[in-house]
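Following: one structure in structure tokens, then a few remarks.
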Amino acid sequence: MTVDTLLYEGKAKKVYATDDAEVVKVSYKDDATAFNGVKRGQIAGKGAVNNQMSNLLFTYLEANGVNTHLVEQLSERETLVKKVQIVPIEVVVRNIAAGTFSKRLGVMEGVDLPHPIVEFYLKNDELGDPLITDDHALVLGLATSSELAALREQALTVNRLLQAKFAACQLILVDFKLEFGKQSDGAIVLADEISPDTCRLWDSETRKKLDKDRFRQDLGDVEDAYQEVFARLTAIS
Ligand code: CDP
């Protein structure tokens, strides 16, 4: 039996080489971190939910014209994805005030924003992923201005599609983070994951939090919340 070479281990996933130089295998872990790694724990079954939920959503986005890194789900926790170079910009889209937006700008959690907004953060744990402007991204050489425009446009398209998908299972998409990757041919595709780790999702009726905020804020029932979101999505897909 050959053992796959571990290329990288992050906070929530391990990445392995495969026989195909253009493809890597991602394995999702149950480990959870928050506040830039200060809070750590485990969420039982999270890896399996996040892997399958992310693949379900990436498949839906692909069907609606969004290019992603998804190749093929291998098992509950493992997926083949295209090998990409991650663009070191975390792209956050917000529909409702929450999290750092609320803290930074003094807007109460739960306030509807008049229109969706896109924010860029430098993907750098040592610096605590600081918020950056377009000019910062340009002078740091993180992306060109046309790439920044494409990231913003893609993020808003993904927002529109995800809002519709989640609304169909009685979930409000409050905000979320996307990462993009550059393929060897230079094309930029949606990468990383879309899951309750990377989205804020509230029940449409009760506004109960069904995402990582349950872990961040010690609200309990974390595992159940992740399972609930996945169950609702599979029920309509
Ligand atoms: O997550 P936090 O409250 O620290 O920051 P935020 O800027 O309010 O996060 C906006 C959205 O992006 C939330 O849905 C977060 O879960 C997600 N996010 C993420 O997945 N990874 C990060 N490094 C930062 C934010």
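The values are calculated or read from the model by the stated rules, or taken from the named source; none is laboratory data. The structure presented is a predicted model; accordingly, all values stated were derived computationally and were not measured. Ideal geometry is used to build each Cβ from the backbone, glycine not excepted, and the neighbour counts take in all protein chains shown. Ligands, DNA and RNA are stripped out before the accessible areas are found, and what is left, the full protein with its side chains, is counted by its heavy atoms. Shrake-Rupley method; radii C 1.70, N 1.55, O 1.52, S 1.80 Å.
How big is the gap, in Å, between the Cα center of region 17-62 and the Cα center of region 63-84?
11
Please turn the phi angles of region 131-136 into ³J(HN,Hα) values with the Karplus equation 6.51 cos²θ - 1.76 cosθ + 1.60 (θ = phi - 60°), one per residue in order, whole Hz, x for glycine and proline.
Running phi through 6.51 cos²θ - 1.76 cosθ + 1.60 with θ = phi - 60° gives 5, 10, 8, 4, 4, 4 Hz.
What are the residues whose amide H is under 5 Å from the amide H of Lys83, where those residues sit 5 or more places off or on another chain and H is modelled from the backbone?
Val23, Val24
Anyone know which of Tyr226, Tyr28, Tyr60 comes out most mobile in the 10 Å Cα GNM of the chain?
Evaluated over the chain, the most mobile residue of the options is Tyr60.
Between His136 and Leu6, 0.36 nm times their residue separation minus their Cα-Cα distance comes to what?
Numbers: separation 130, 0.36 × 130 = 46.80 nm, distance 3.29 nm.
Using 0.36 nm per residue and subtracting the Cα-Cα distance, I get 43.5 nm.
What full-extension length gain, to one decimal in nm, is calculated for Ile236 and Asp31 as 0.36 nm per residue of separation minus the Cα-Cα distance? Spell out each step's value before the answer.
Details: separation 205, 0.36 × 205 = 73.80 nm, distance 2.80 nm.
Fully extending the segment from Ile236 to Asp31 adds 71.0 nm.
Can you pull the semi-axes for region 86-130, root of five times each eigenvalue of the Cα gyration tensor, sorted largest first, whole Å? Walk me through the intermediate numbers first.
Details: eigenvalues 99, 33, 7 Å².
With the √(5λ) rule applied to region 86-130, the semi-axes are 22, 13, 6 Å.
Place a +1 charge on the Cβ of each Lys and Arg in the chain and a -1 charge on the Cβ of each Asp and Glu, then give the dipole magnitude about the Cα centre in debye, rounded to the nearest 20.
Values: 28 positive and 37 negative charges, 88 e Å.
Using Cβ point charges on Lys, Arg, Asp and Glu, the chain gives about 420 debye.
Pull up all non-local amide H partners of Lys123: gap of 5 or more, or a different chain, and H-to-H distance under 5 Å with H placed in the peptide plane.
Amide H neighbours of Lys123: Ile89, Glu90.
Would you mind computing, in nm to one decimal, how far apart the modelled labels at Ala164 and Ile117 are, each placed 7 Å from Cα along Cα→Cβ?
2.6
Measure of size requested: the Rg and Dmax of region 47-188, with Cα atoms as the atom set and Å as the unit; please supply both.
15.8, 44
May I ask you to evaluate 6.51 cos²θ - 1.76 cosθ + 1.60, the Karplus curve with θ = phi - 60°, for each residue of region 230-237 and list the ³J(HN,Hα) values in order in whole Hz, giving x for glycine and proline?
5, 4, 5, 5, 5, 5, 9, 9
Using 0.36 nm times the number of residues separating Thr59 and Leu105, minus their current alpha carbon distance, what extension gain do you get?
Working: separation 46, 0.36 × 46 = 16.56 nm, distance 3.52 nm.
Extra length from Thr59 to Leu105 when fully extended: 13.0 nm.
Whole-Hz Karplus ³J(HN,Hα) for region 25-41, in order, using 6.51 cos²θ - 1.76 cosθ + 1.60 and θ = phi - 60°, x for Gly and Pro?
Karplus-based 3J(HN,Hα) across region 25-41 equals 10, 9, 10, 7, 9, 8, 5, 10, 9, 8, 6, 6, x, 5, 9, 10, x Hz.
Express in Å², to the nearest 10, the accessible area of His136 obtained by rolling a 1.4 Å probe over the protein heavy atoms while all chains stay in place.
Spelled out: His136, probe radius 1.4 Å, area about 90 Å².
So what is log10(I(q)/I(0)) for the chain at q = 0.09, 0.15 1/Å, when the Debye sum runs over its Cα atoms only?
These q points yield log10 I(q)/I(0) values of -0.36, -1.10.
Taking a virtual spin label 7 Å from the Cα of Val66 along the C-beta vector, which residues in region 86-103 bring their backbone nitrogen under 20 Å of it?
86-98
Tell me what the chain gives for mean residue ellipticity at 222 nm when only DSSP H runs of n ≥ 4 count, each as -39,500 (n - 2.57), the sum divided by the residue total, rounded to 500 deg cm²/dmol. Please report the intermediate quantities before stating the final value.
Details: 6 runs with 73 residues, N = 237.
The per-residue figure over the chain is -9500 deg cm²/dmol.
Given region 112-237, report the % of alpha carbon pairs whose separation exceeds 20 Å.
Details: 4086 of 7875 pairs.
When all Cα pairs of region 112-237 are counted, 52 percent exceed 20 Å.
Quick check: with the 1.4 Å probe, what order do Thr18, Thr79 take by accessible area, largest first?
Values: Thr18 45, Thr79 5 Å².
Largest to smallest exposure gives the sequence Thr18, Thr79.
With Rg and the Kirkwood Rh both taken from Cα atoms, where does Rg over Rh land for region 1-59? Let's see the in-between values first.
Values: Rg = 13.2 Å, Rh = 12.8 Å.
That ratio is 1.03, to two decimals.
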